[in-house]
Every structure is written in C-alpha cells, then in structure tokens.
Amino acid sequence: MAGTRVGVLGGTFDPIHHGHLAAASEVCASLGLDRVLLVPTAAQPFKEPDGPAHAEHRLAMCRLAVAHDPRLDVSTVDIDRGGTTFTVDTLEDLRAQQPDAELYFIAGADALARLSEWRDADRLLALARFVAVTRPGHAMSPSSGAYAVVEAPALDVSSTDVRRRVGEGRPIRYLVPHAVADYIQEHDLYIGGTDD
Ligand code: ATP
Ligand code: MG
C-alpha cells in the first residue's frame, strides 16, 4: 500500500522478550508507523551460527508474542533466505515485497554502535531510515546518524539473561510474554544452559 510506514526490528529473538516488544511498540507510536515487523535472523554474523534455539522455535515464539497486537507482525524473509543474515539483504527483500512502503530500520543502542561493521552500511541507509532506540546499560552514540532517536521504556531484559535464567531454573515470567514462557517450558529450550 502506498505510503505505508513500516518499522523493521531485526534480531535473533532467542527468545523474544518484553524489551523487544516495548521498543517496537514505542517506536511505532512515537513515529506514527503503520506497523512494525519483527524479523528473526537465520544466523547472526556476530553470534554462534544458530544459537541455542533453532530458527523455527525463535520464529514460533515471535509469532506467539505478537499474536494479540495488530501493530506488530513477524517477517520470515531472513529465515526463508537462510545463511548468514545481513541487514542489507533483509531490507532489500522487504523492499521487493512492499515497493511502496517507507522502511524504518530499528536498532537498539548496542546494535547501532556496530553499524560500521555491517555489510554495505551506505546501501542500508539508502534503503531505510535508521531509528535508534535506547537500551539500558548501553550508551547511545551521539554520532549514530540516526533519523530519529526514540527513548524506549527502560526494560533491562536481554535474551542472554532469559536463557541463563532458564538454565539456572530461575523464573522468566514477566520478562517474556506468558505464551513464550509456556513455549520454552513445553519445548525444553535453554535447559542445558548457554555458552555465553
Ligand atoms: P542477546 O542477549 O542474545 O544478544 P538481545 O536481548 O540483545 O539478545 P537481540 O535479538 O540481540 O536481543 O536484539 C534485537 C534488537 O532488539 C537489537 O537492535 C537490540 O538492540 C534490541 N533490543 C533488545 N533488547 C532490548 C531492550 N531491552 N531495550 C531496547 N532494545 C532492545
Ligand atoms: Mg543482542
């Protein structure tokens, strides 16, 4: 649809947590976007090849997490393409699917700080407007060059912490949506601890 403004939040989502969802929701409201797509990676260049949970699990948890919010959706472009995920490919594929949409690529302060390491950084900036979102414990680079900086509710949650908690038998309720906590339990995810 012409003029649709679409946010894009890429990540490993291993698993998705309330920090991701609050950031996506805040950017959506604050920039008046029509919707925000969560795009789980196939594999992440700066991480272990597929992390502790397989792509199908990470995707299923993302879908459960957005099921009740019409503003949030999940895209499988990265998982469908396979291989190592580079954001430039994500944006190219989304643009091909939605040629008239304006794309807003959302990155937390920690991810944005590594922008210069990303493949084809210049091309990225031609494909989408970059939106930086604050994250507790990570300073926002003043020279990020972002189109907008959005202050998200400060939820100091990370997937690493969620995985570690599961491995240690500590609670994750209220850090992740209930359906995600149930899914992790049902599928015995992260039980063996993590390598982080
Ligand atoms: P891990 O600990 O495995 O690295 P993570 O919690 O950092 O997981 P990612 O999937 O790596 O989650 O992050 C995807 C995107 O969401 C990144 O741009 C990241 O900066 C952002 N993000 C993650 N958690 C938060 C949070 N609590 N607040 C704001 N942004 C976040
Ligand atoms: Mg991360």
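Sparse packing (at most 15 other Cβ atoms within 10 Å of the Cβ) combined with a DSSP loop state is found for the following trypsin sites (Lys or Arg not before Pro) in the stretch 106-196: Arg114, Arg119.
Each label point is 7 Å from the Cα along the Cα-to-Cβ direction; what then is the distance between the points at Asp156 and Ser141, in nm? Going from the Asp156 label point to the Ser141 one covers 2.4 nm. Springs join every pair of Cα atoms under 10 Å in this Gaussian network model of the chain, and among Ala42, Ala111, Ala23 the largest mean-square fluctuation is at Ala111.
Read-outs: derived from the displayed coordinates by stated rules, not from any lab. On a predicted model such as this, the values are computed, not experimentally measured, just so you know. All Cβ positions, even for glycine, are placed from backbone atoms using ideal geometry, and neighbour counts span all protein chains on display.
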